[in-house]
Structures are given as structure tokens and as C-alpha cells.
Amino acid sequence: MTSERRMLAFDLDDETYCVGMERVANVVERGSLDPADSAPEFLAGRMDLSDRTLRVVDLKRLFGVTTSVRRSGEIEEGEHVIAFGPRGDGEVNAWLVDEVRDAVTVDTDDLLEASGLATYVEGVVPADGDQVVWVDAEAINAV
């Protein structure tokens, strides 16, 4: 018996990642990040969206894909913010990523163990002919 799950695929540099669609509340393509002073280096900033404040984690920084620290500024062309549900402090979890791709269906029975970022990764799954890194939204949103 196969266990299929819908995932939102996104890129960080040349690598494709995915997260469960049921966790995603919104994808933002434009806007500006307000400074996140005295915050961890992986926090890109905060962003107002409707009546909520997004706490935006720079996944490239968190995963060590880049060493540059971003604290504010406009969302650049090709970047997106993926918003999730609210945190306990009233802010909304969100991630700064590169390109957001279409939703993909993965078979969770094909999940392979991943090395490296084990804290933030569920594993690797085949999707649309590629190997995609399935990230652990709960672990990332807890940082």
C-alpha cells in the first residue's frame, strides 16, 4: 500500500526541498522585511502580512548554504516567503526561500534517510524524476 502526500517544492540555490502542503498557509512574493535586531543570525527579519507578523527564517542561512547574514530589506526577485501557522507568541512562522515550485505528490514509502542536516530533514524522496529533500517543518519552526 502506498502512502502519498502532497508537498510544496522550493529551491535553495541548486537544491530542491519540499514541505507538507497541509502546513503551508500562504506564499508571499513581494514585501519587505523589517529588521530583527539582536536575533539569531538565521532570522532574516519580520514582515507584516494582513493583521499578522511573520517571523521569517532564512533557510539558506539556517542550513549553512550561505554565510551572509540578512537582517531586513525587500524580498528580491526570485525569492519567496512561505508562511505557516501561528507560533505561541502570536507571530507566524515563515521561511525565506528561493524559487517556489509547484506542488508535488510523493510516496512516503520511498523516503530515504538523509545525511547532514538531520535535525531539520525528514529524508529524501523521489518527486518528478528528481531527489527532493523533505524538510521537517516542526523542527525548523521551533528554532
> Do the conditions hold for PHE63, that is, is it aromatic (Phe, Trp, Tyr), touching a helix residue (DSSP H, G or I) at 6+ places or on another chain (Cβ under 7 Å) and within 16 Å of VAL143 (Cβ to Cβ)?
Replying inline: no
> List the pairs whose first member sits in segment 21-46 and is free of Cβ contacts under 8 Å to residues at least 12 places away in the same chain, whose second member is part of a loop (DSSP other than H, G, I, E, B), and whose Cβ atoms are under 6 Å apart, counting only residues at least 6 apart or on separate chains?
Replying inline: none
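Out of SER68, SER72, I need the residue that is over 22 Å from ASP136 (Cβ atoms), of a type outside the set (Val, Ile, Thr), at pLDDT below 90 and surrounded by 13 or more Cβ atoms within 10 Å (Cβ to Cβ). Which one?
Numbers: SER68 fails: surrounded by 13 or more Cβ atoms within 10 Å (Cβ to Cβ).
Just a single option satisfies the conditions, and that option is SER72.
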> In the list MET1, MET7, MET47, which residue meets the criterion of being more than 19 Å from GLY90 (Cα to Cα), modelled with pLDDT of 90 or more and among the aliphatic types (A, V, I, L, M)?
Replying inline: MET7
> So which of GLU79, GLU41 is under 17 Å from the mean Cα position of the chain (by Cα), among the acidic types (Asp, Glu) and more than 20 Å from LEU8 (Cα to Cα)?
Replying inline: GLU41
>> What pairs come out if I take residues in segment 124-135 that are within 9 Å of LEU112 (Cβ to Cβ) and pair them with residues that are part of a loop (DSSP other than H, G, I, E, B) whose C-beta lies under 6 Å away, six or more apart or interchain?
In response: VAL124/ALA114; VAL125/LEU111
>> Here's a check for you: in segment 1-57, which residue that is hydroxyl-bearing (Ser, Thr, Tyr) and more than 30 Å from LEU111 (Cα to Cα) is surrounded by the most Cβ atoms within 10 Å (Cβ to Cβ)?
In response: THR53
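Restrict the check to segment 100-117 and report whether at least one residue is within 22 Å of PRO35 (Cβ to Cβ), free of Cβ contacts under 8 Å to residues at least 40 places away in the same chain, of a type outside the set (D, E, K, R) and surrounded by 12 or more Cβ atoms within 10 Å (Cβ to Cβ).
Within segment 100-117, the subset within 22 Å of PRO35 (Cβ to Cβ) is none.
Within segment 100-117, none of the residues are within 22 Å of PRO35 (Cβ to Cβ), free of Cβ contacts under 8 Å to residues at least 40 places away in the same chain, of a type outside the set (D, E, K, R) and surrounded by 12 or more Cβ atoms within 10 Å (Cβ to Cβ).
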>> Among (1) assigned to a loop (DSSP other than H, G, I, E, B); (2) in contact (Cβ under 8 Å) with a residue 12 or more places away in the chain; (3) in contact with a strand residue (DSSP E or B) (Cβ under 9 Å, 6 or more places away or on another chain), there is one condition ASP89 misses while meeting the rest; what is its number?
In response: (2)
>> Can you pull out every residue in segment 118-143 that is among the hydrophobic types (A, V, I, L, M, F, W, C), closer than 26 Å to LEU43 by Cα and surrounded by 14 or more Cβ atoms within 10 Å (Cβ to Cβ)?
In response: VAL121, VAL124, VAL132, VAL133, TRP134, VAL135, ALA137, ALA139, ILE140
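Regarding segment 58-65, can at least one residue be identified that is part of a strand (DSSP E or B), of a type outside the set (S, T, N, Q) and surrounded by fewer than 18 Cβ atoms within 10 Å (Cβ to Cβ)? Explain how you work it out, then say what you get.
Pass one, segment 58-65, residues part of a strand (DSSP E or B): 58.
Cutting the leftovers down to of a type outside the set (S, T, N, Q) gives us 58.
Still in the running and surrounded by fewer than 18 Cβ atoms within 10 Å (Cβ to Cβ): none.
Taking every residue of segment 58-65 in turn, none turns out to be part of a strand (DSSP E or B), of a type outside the set (S, T, N, Q) and surrounded by fewer than 18 Cβ atoms within 10 Å (Cβ to Cβ).
The values are calculated or read from the model by the stated rules, or taken from the named source; none is laboratory data. The structure displayed is predicted, hence computed values, not measured ones. We place every Cβ from the backbone using ideal geometry, glycine too, and count neighbours over all the protein chains shown.
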